[in-house]
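Enquirer: Sharing a structure below in structure tokens format, with a few things to ask.
Read-outs throughout are calculated quantities, based only on the coordinates presented, and are distinct from any laboratory measurement. For clarity, every value in this text was computed on a predicted model and none was experimentally measured. All Cβ positions, even for glycine, are placed from backbone atoms using ideal geometry, and neighbour counts span all protein chains on display.
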Amino acid sequence: MPFTSDLRVFVGKNVVLSSAAPPTPATIETSKSTGRVTAVHHEARPKGAYADLVSEDYIDAGDLYILPGLVDAHVHLNEPGRTDWEGFYTGTRAAASGGVTTVVDMPLNSIPPTTTVAHLETKRAAAQRQCWTDVAFWGGVIPGNQEHLVPMVGAGVKGFKCFMIESGVEEFPCVTEADLEPAMEALEGTGSTLLFHAEFDDHSHVPAPDAPSDSTLYATFLASRPPAFETAAIARIIRLQALFPALRCHIVHLSAAAALPLIRSARAAGAKLTVETCFHYLCLAAADVPNGRPEFKCCPPIRGADNREALWEALADGTIDCVVSDHSPCVAELKRLDDGDIMSAWGGISTLGLGLSLLRTEARRRGFGIERVVRWTCEATAEHAGLQERKGKLAVGYDADLVLWDPDGELTCGEQITKETLNFKNKLTPYEGRTLRGRVETTVLRGRIVYDRAGDVRAGNRGTVSQGLSAG
Ligand SMILES: [Zn+2]
């Protein structure tokens, strides 16, 4: 009987072992039985050093880079309840095709929303045996559910999301300060985190008399969600947080650069405040958005090019911690593709599978190395979701989640975009026609290949279940 080793080795000339240094040669040894990294050597060891290994257990990346798998901390998978919008199977398959090995699912747009332990268990049950990545869950804070929050922490949610403006779905209402104070009191001291959709309409915003009103014009939508909505919300969050200083607060999908001075001064004063932005705010600008194209609609909106560059500066100086997709799909009818009515369309952008190539393309243009992209999309998102002991890094004891990346691959969206190139359920994305640099060739979850561009996703190599981090 042939000897079967527990060892699987990944070797590369360009491996991102640290987000503080450029890629280096390395050999990563993993255990097939635990799916974890057992040793990291700072050299590319030849096959001869592992003479006993069969070829499928000695994986030489050749000219490809090896990166940690991405942790996408803001994804709407919508199952159960709105599985026609997205689902665990299609969403995580799309994620794996883009090098994402962990997704953290948002508490809304599924029915039920993740607002009680029972609802969390319903979602976990729906995820079973469907997921190509590991999946963790955010819980939700809605009016009246504060007694459910601490039990949900115990059941493994990574934190809680709330809305300061209507969410768009009736089963996930927004909260007032009267709702937030008891929720924050309950969560302070648990080590959990409160995430805010930070837009607030204090009705002080009066549209200009010449503001556009045609509901198919992007300018009409942009004027309806001004930066003042974000700055008003963030000022409230900072004021509330001062009452509960041990509770980390997090701003999801920051778009308005006008809020950066508020964030910087709160952090300088010691506030435990973290911030994410999204691929679309860093890669798109209002002037690029065609009229009558609701695929570009999200809330808060994509703003001007100067705003986008200020977000890049904030990312570079650490004011913005991390970058996520906010993949928030829906069916074509709700996107109003038939009449291009942006004002009436569902707000949400579909990105799963494209984020790494998008961000790398734009980061390189601005002089940032791939290791910075790894910081923003792997390490910092793992820290945000409380997964930093297992995810986001190639290091001993971590899950063997990694990506074989072709830095010069060219992925053309547009004419070539087909059902085969987009893996999420509803094939609607604003990125058609864009040329991206870099391409994921292979994605490895806990030491096993879950996506291979040449061979596509292999059945049978799926995630597993653990407390707070489940996959089917
Ligand atoms: Zn979202």
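Enquirer: Of Ser55, Ser224, Ser97, how do they rank once you tally other Cβ atoms within 10 Å and put the fewest first?
Expert: Details: Ser55 8, Ser224 19, Ser97 24.
By the 10 Å Cβ count, ascending: Ser55, Ser224, Ser97.
Enquirer: Another question about this same structure. With a ≥ b ≥ c taken as the square roots of the eigenvalues of the C-alpha gyration tensor of the stretch 7-63, please select rounded if a/c is under 1.5 and otherwise prolate if a/b is larger than b/c or oblate if it is not?
Expert: oblate
Enquirer: Where does helix 355-365 land angle-wise versus the long Cα axis of the chain, in degrees 0 to 90, nearest 10?
Expert: Rounded to the nearest ten degrees, it is 90.
Enquirer: Okay, moving on. Within the stretch 141-228, list the GluC sites (Glu not before Pro) lying in a DSSP loop whose Cβ has at most 10 other Cβ atoms in a 10 Å radius.
Expert: Glu170
Enquirer: Using just the helices of the chain, give the 222 nm mean residue ellipticity in deg cm²/dmol: DSSP H runs with n ≥ 4 each add -39,500 (n - 2.57), and the total is spread over all residues, rounded to 500.
Expert: The helix contribution divided over the chain gives -6500 deg cm²/dmol.
Enquirer: Roughly speaking, what is the stretch gain from Glu171 to Ala287, that is 0.36 nm per residue apart minus the C-alpha to C-alpha distance, in nm to one decimal?
Expert: Full-extension gain reported as 38.3 nm.
Enquirer: While we're here: Separation of the stretch 181-236 and the stretch 361-414 by C-alpha centroid, Å?
Expert: One Cα centre to the other: 30 Å.
Enquirer: Run the dipole for the chain about the Cα centre, Lys and Arg Cβ at +1, Asp and Glu Cβ at -1, nothing else charged, and hand back the magnitude in debye, nearest 20.
Expert: Rounded to the nearest 20 debye, it is 1020 debye.
Enquirer: Only Lys, Arg, Asp and Glu count, each charged at its Cβ (+1, +1, -1, -1), so figure out the dipole size of the stretch 7-63 about its Cα centre, rounded to 20 debye.
Expert: 140
Enquirer: Still on this structure, please answer the following. Calculate the FRET efficiency for Asp52 and His205 from the Cβ-Cβ distance with a Förster distance of 60 Å, rounded to the nearest 0.05.
Expert: With a Förster radius of 60 Å, E is 0.30.
Enquirer: Hand me the GluC sites (Glu not before Pro) from the stretch 338-394 located in a DSSP loop with no more than 13 other Cβ atoms within 10 Å, in residue order please.
Expert: Answer by residue number: Glu389.
Enquirer: Now for a separate question. If I fit a long axis through the Cα atoms of helix 88-97 and take the longest principal axis of the Cα atoms of the chain, what angle between them do I get, 0 to 90°, rounded to 10?
Expert: 60
Enquirer: Going by alpha carbons, how many degrees (0 to 90, nearest 10) lie between the helix axis of 177-187 and the longest principal axis of the chain?
Expert: Result, in degrees: 30.
Enquirer: While we're on this one: Looking at the chain, which longest stretch skips every one of the trypsin sites (Lys or Arg not before Pro) that is in a DSSP loop with at most 16 other Cβ atoms within 10 Å, leaving the sites themselves out? Please list the in-between numbers first.
Expert: On the way: sites that count: Lys32, Arg129, Lys272, Arg366, Lys419, Lys427, Arg453, Arg458.
No qualifying site falls inside 130-271, the longest such stretch.
Enquirer: Between their Cα atoms, which of Lys123/Lys158; Lys335/Lys425; Lys13/Lys47; Lys123/Lys161; Lys158/Lys335 are more than 20 Å away from each other? Walk me through the numbers before you get to the answer.
Expert: Numbers: Lys123/Lys158 14 Å; Lys335/Lys425 14 Å; Lys13/Lys47 14 Å; Lys123/Lys161 16 Å; Lys158/Lys335 30 Å.
From the list (Lys123/Lys158; Lys335/Lys425; Lys13/Lys47; Lys123/Lys161; Lys158/Lys335), the Cα-Cα distance tops 20 Å for Lys158/Lys335.
Enquirer: Further question: Only counting other Cβ atoms within 10 Å, I'd like Trp405, Trp312 sorted with the fewest neighbours first. Don't skip to the answer; put the middle values down first.
Expert: Working: Trp405 26, Trp312 19.
The most exposed by this proxy come first: Trp312, Trp405.
Enquirer: What percent antiparallel are the DSSP beta bridges of the chain, to the nearest 5?
Expert: In the chain, approximately 50 percent of DSSP beta bridges are antiparallel ones.
Enquirer: Students often forget the sequence filter, so: which aspartates and glutamates lie under 17 Å Cα-Cα from Lys393 once same-chain residues fewer than 8 apart are removed?
Expert: Glu29, Asp72, Asp134, Asp321, Glu371, Glu379, Glu383, Asp401
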